[in-house]
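Bear in mind that the values in this text are calculations on the coordinates, not laboratory data. Everything numeric in this text was worked out from a predicted model, so none of it was measured. Quick reminder, even Gly has a Cβ in these numbers, built from the backbone with ideal geometry, and neighbours come from all protein chains shown.
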Amino acid sequence: MDRITKSLLVEFTTEQNLEALPEDKQFEHFAAFLTIGRSLSEGFETSDVVVGSGGDTGIDALAIIVNGSLIDDAAAIAEFVDRNGYLDVSFVFVQAERSSSFETAKIGQFSYGAQDFFKDKATLPRGKEIAKLAKIMTAIYNESSKFKRGNPICRLYYITTGTWTGDQALEARRKAAIDDISALRIFRSVEFVPVDAEGIQRLNRESRNSVSREFDFAQKTVVPTIAGVTEAYVGLLPAPEFLRLIEDENGEMLRGIFYDNVRDWQDFNAVNAEMRDTLESGKDRARFALMNNGVTVIAKTLRTTANRFYIEDYQVVNGCQTSHVLHDQRASVDATVMVPLRLIATRDEEVIGSIVKATNRQTEVREEQLLALSDFQKKLESYFNAFDDHERLYYERRSRQYNNVGGIEKTRIVTPGSLIRAFASMFLEEPHRATRSYRRILDRVGTDLFAPGDKLEPYYVAALASYRLEYLFRNQLLDGMYRAARYEILLAVRVAEIPPPVSKMNSNEIERLCKPLIEKLWDSGNSEKLFASASQLVLKAAGGDLDTAPLRTEPFTETLIRLARPTAKGKPNPHRVRSPR
């Protein structure tokens, strides 16, 4: 391994608290982070996708991404169908080798493992992780009528620390791998991407830097000086130029830039379908700019040279629906389609918040949601920052906010999505909705969570408990078999320490109850005991078998609460219980 790659690996390992793992496993996590992370708008735990072990069929990491979300439960597919009405799927395979060369044999093994994953009857032995993911794959293809945008995408990354020179034999084997997988006829596209040492360095830079783009913006008007705004423009941008702002080099949507857009993609409802029809019509296409409200982009950095614009660290704060329709119709739109664009450069959070509120006041967005996604988030960020370095977590109110900030453990970064899941599991007592029905929880933002008067301590407790639990998994201090029940474990901890009925989130009582739990969670010994005991309660609720238990169902949650509730004689399982091996 060359010196630069070694240095990057050490830095990643330190930031992710993976020092306890051997170097080959560290490299697998690093490779998964660099490749799979490109397809996700939020941070993710590499432990959820790294599968390299016995029975891994030559695959070191595997991610199934449905409608922009990382999926680890087959039952979640029905939820996406019910909620969105469609499935947009990507399968991402990763093979990570520390060797300084690419090998045709390894490419063949990797390719065959990916092919075998999609077979009804596997010919290669499958470990527990691969078998579980195969069930999710089967559930997806059972809903193939919902592939409205085409069959899934299959993407393979083969990573080494060597140099890809385009050797004839290697290139022939790479193309053969693509042809073999394409022959399954179940994908709309198949990619095999070799990543060498230089590619690792490039992907690492991309992962740490804010998204930036250059584009031509000729038809524009300068907006007069506004307090808090560095500069602003209003104009018409040709659709091909606009697509450069919202797509990556593979033509996929940059989901992270819609992070501050509160409505997300609504699929082809009546309004979006009409927009699509306009783009498909040769007669009406040129009128698109007159029939569309346009897109608002806010950038932290903006530089111009004549009509050439450079923006960095930007968000599409309004125009999510327009962006997705244009992306869907990208094969047919041309420079005759003009997109109304408001481009604003500012670092003033108050200005950004006011623009988000003003431009999203449609019927789909409730006032309390707008407040929750702005004012309450600022309070959380300030509260998290108030702790000293030892007890500090970093609330990432904006996507990639801490990517290029050195000196912090990236595992301490808390995204709004991860906080919502942890909080809903612990304090709303709904771990069964944390993945399968996550969107239903989002509908309650501003009322049941992120409500204006809520105390901040419960949110910190949820974030801290999730952080400590992931630390135990990551360092193999808690058996990985419990990972599938992580949200149930969080609930069991809270019920044991703060018994139901839980106080209201705006009460002084909930603030008082959370403070001693914060102290316990930061204490390594107490924290490990809490989670070991909670894990045993989950296992008991599952009848001793997590693989067959009806996890993430309301009846299972009710059973767990009964078991975890402290008895008159004290809390359940007060002694240290080690995870079974």
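See the values below:
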| quantity | calculated |
| --- | --- |
| Alpha-carbon centroids, the range 31-47 and the range 48-108: separation in whole Å | 11 |
| Cα-centred dipole magnitude for the range 204-359, charges only on beta-carbon of K, R (+1) and D, E (-1), debye, nearest 20 | 340 |
| Set of lysines near Lys504 by C-alpha distance (under 20 Å), chain-local residues within fewer than 8 positions excluded | Lys379, Lys455, Lys515 |
| Charge tally in the Cβ shell below 13 Å around Asp2, where Lys, Arg are +1 and Asp, Glu are -1, Asp2 excluded | +1 |
| Candidate aspartates and glutamates - alpha carbon under 18 Å from Lys220, same-chain residues fewer than 8 apart omitted | Glu231, Glu241 |
| Aspartates and glutamates with Cα under 16 Å of Lys121, excluding same-chain neighbours fewer than 8 positions away | Asp56 |
| Of Lys128/Lys540; Lys128/Lys520; Lys132/Lys357, pairs whose Cα-Cα distance is over 31 Å | Lys128/Lys520; Lys132/Lys357 |
| Taking the chain and dividing mean pair separation by its residue count, relative contact order in percent (alpha carbons under 8 Å, at least six apart) | 12 |
| Check: the range 279-327 dipole with +1 on Lys, Arg Cβ and -1 on Asp, Glu Cβ, in debye | 180 |
| Positive dipole terminus of the range 298-344, leading residue within Ala335, Val317, Thr305 (C-beta point charges) | Thr305 |
| Three-way shape label, the range 212-359, alpha-carbon gyration tensor, a/c 1.5 | prolate |
| Histogram of C-alpha separations across the range 3-208, 5 Å bin width, % | 1, 7, 16, 19, 21, 16, 11, 6, 2, 0 |
| Fewest-first sequence of Met137, Met291 by Cβ atoms within 10 Å of each Cβ | Met291, Met137 |
| The range 1-22 and the range 185-252: distance between their alpha carbon centers, rounded to Å | 29 |
| Local electrostatic count at Leu521 - Lys and Arg +1, Asp and Glu -1, tallied over other residues with Cβ under 14 Å | 0 |
| Positive-end residue of Phe215, Thr557, Ile107, charge dipole of the chain with Cβ unit charges | Thr557 |
| Net charge dipole size for the chain [Lys, Arg +1 and Asp, Glu -1 on Cβ; Debye, nearest 20] | 800 |
| Whether the range 436-527 is rounded, prolate or oblate, judged on the alpha carbon gyration tensor where a/c under 1.5 counts as rounded | oblate |
| Long-range amide H partners of Leu237 with built H, under 5 Å | Val339, Leu341 |
| Candidates per trypsin sites (Lys or Arg not before Pro) in the range 441-532, loop by DSSP, up to 15 other Cβ within 10 Å | Lys504 |
| Three-way shape call for the range 103-161 based on the alpha-carbon gyration tensor, with the a/c threshold at 1.5 | oblate |
| Signed unit charges on C-beta, dipole axis of the chain, positive-most listed residue Trp522, Thr123, Ala496 | Ala496 |
